[in-house]
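The values are calculated or read from the model by the stated rules, or taken from the named source; none is laboratory data. The structure presented is a predicted model; accordingly, all values stated were derived computationally and were not measured. When we count neighbours, we look across all protein chains shown, and the Cβ atoms used for this are built from the backbone with ideal geometry, even at glycine. Please note that ligands, DNA and RNA were not included when accessible areas were found on the heavy atoms of the full protein model with its side chains. Shrake-Rupley method; radii C 1.70, N 1.55, O 1.52, S 1.80 Å.
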Amino acid sequence: MKKIFLFSVVASLIVFTACKKEFTVTVSPSDATMGTVTGTGFYTKGTVVTIVALPASGYKFVKWDDGNTNNPRSITVTANATYTAIFESVGGTPEDPEEDNILTITVGGVSFKMIKVKGGSFMMGAPDSDSEAYDREKPQHQVTLSDYYIGETEVTQALWKAVMDSEPTYNGGWTDEYGKGDNYPAYYISWHDCDTFITKLNALTGKNFRMLTEAEWEYAARGGNKSKGYTYAGSNTLGDVAWY
């Protein structure tokens, strides 16, 4: 008698579900005052993304940091990636000669220097992420400035006396406790005192001095078009750059 064996084969069906991988694409300008860029985000592998460099007024796009000169530029996302847009002044002209960046002015035998600040665009104010900022410092908004000059230091007591012919008398005037001497800053002065000082300074020099706007002060404090994006003027650590 023949034995017949029936083999039952059970096939296991294994289904592989491919996970969608997302990668980060970061696009930034070499200098935030020279322009902006678009294209930053999270993308699924294989996605074709267009990144665009948008130069600010007075600047032009030169290249991406990997040498590519296409703008806009299409990239295929295969991994986390970072692209930096490099800008330069229109025409690629170098900075003004050093002597054109500094003006030395003498009045009443006292000399002081004015430093040139190259114009550009910047985000004025504090971002929402800055928990230490006041509400009045928000929201951030873009401001574009032309070239201007700013005093190398605060107005000194020597310069104040040379222009005004006297020391301020408010609260007893300058004292040794808070600093008194030619190279100390002038203090205990009001806005009206400053306005009078500028009027007299213009008459003595034949030039057109004025007070800074808030935007001009903040732009210079941030480093102008050479800003490195510090939280404070010159550092991310307040104690490095200020007494407070």
Which ones in the range 72-86 are surrounded by fewer than 16 Cβ atoms within 10 Å (Cβ to Cβ), in a loop (DSSP other than H, G, I, E, B) and of a type in the set (V, I, T)?
T78
Residues A162, A221: which one is at pLDDT 95 or above and among the aliphatic types (A, V, I, L, M)?
A162
Consider the range 232-244. How many of its residues are surrounded by 13 or more Cβ atoms within 10 Å (Cβ to Cβ) and either charged (D, E, K, R) or within 23 Å of P29 (Cβ to Cβ) (or both)?
4
Could you look through the range 135-155, keep only residues that are within 30 Å of T199 (Cα to Cα) and acidic (D, E), and pick out the one that is least open to solvent (accessible area, probe 1.4 Å)?
D147
Residue in the range 119-129 that is under 28 Å from the mean Cα position of the chain (by Cα), of a type in the set (A, V, I, L, M, F, W, C), assigned to a helix (DSSP H, G or I) and modelled with pLDDT under 95 present
no
Kindly establish whether T69 is open to solvent by 40 Å² or more (accessible area, probe 1.4 Å), among the hydroxyl-bearing types (S, T, Y) and modelled with pLDDT under 80.
no
Restricting attention to the range 165-177, report how many residues are open to solvent by less than 60 Å² (accessible area, probe 1.4 Å), on the phi < 0 side of the Ramachandran plot and either not in a loop (DSSP other than H, G, I, E, B) or not hydroxyl-bearing (S, T, Y) (or both).
2
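In the list A203, A162, A158, which residue meets the criterion of being open to solvent by 40 Å² or more (accessible area, probe 1.4 Å), aliphatic (A, V, I, L, M), under 29 Å from G108 (Cα atoms) and over 32 Å from the mean Cα position of the chain (by Cα)?
Checking each option against the conditions leaves just A203.
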Count of the range 20-50 residues which are among the aromatic types (F, W, Y) and closer than 25 Å to T231 by Cα
0
Meets criteria (open to solvent by less than 50 Å² (accessible area, probe 1.4 Å), of a type in the set (A, V, I, L, M, F, W, C), assigned to a strand (DSSP E or B) and more than 28 Å from I198 (Cα to Cα)) for F112
no
Criterion violated by E132 - all others in (1) touching a residue at least 12 places away in the same chain (Cβ under 8 Å); (2) open to solvent by 70 Å² or more (accessible area, probe 1.4 Å) satisfied:
(1)
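Is it true that N183 is in contact (Cβ under 8 Å) with a residue 24 or more places away in the chain and part of a loop (DSSP other than H, G, I, E, B)?
It is true that N183 is in contact (Cβ under 8 Å) with a residue 24 or more places away in the chain and part of a loop (DSSP other than H, G, I, E, B).
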Could you check the range 87-105 and list, in sequence order, the residues that are more than 20 Å from G206 (Cα to Cα) and either at pLDDT below 85 or open to solvent by 90 Å² or more (accessible area, probe 1.4 Å) (or both)?
E88, S89, V90, G91, G92, T93, P94, E95, D96, P97, E98, E99
Taking L201, is it in contact with a helix residue (DSSP H, G or I) (Cβ under 8 Å, 6 or more places away or on another chain), part of a helix (DSSP H, G or I), over 27 Å from K60 (Cα atoms) and among the hydrophobic types (A, V, I, L, M, F, W, C)?
yes
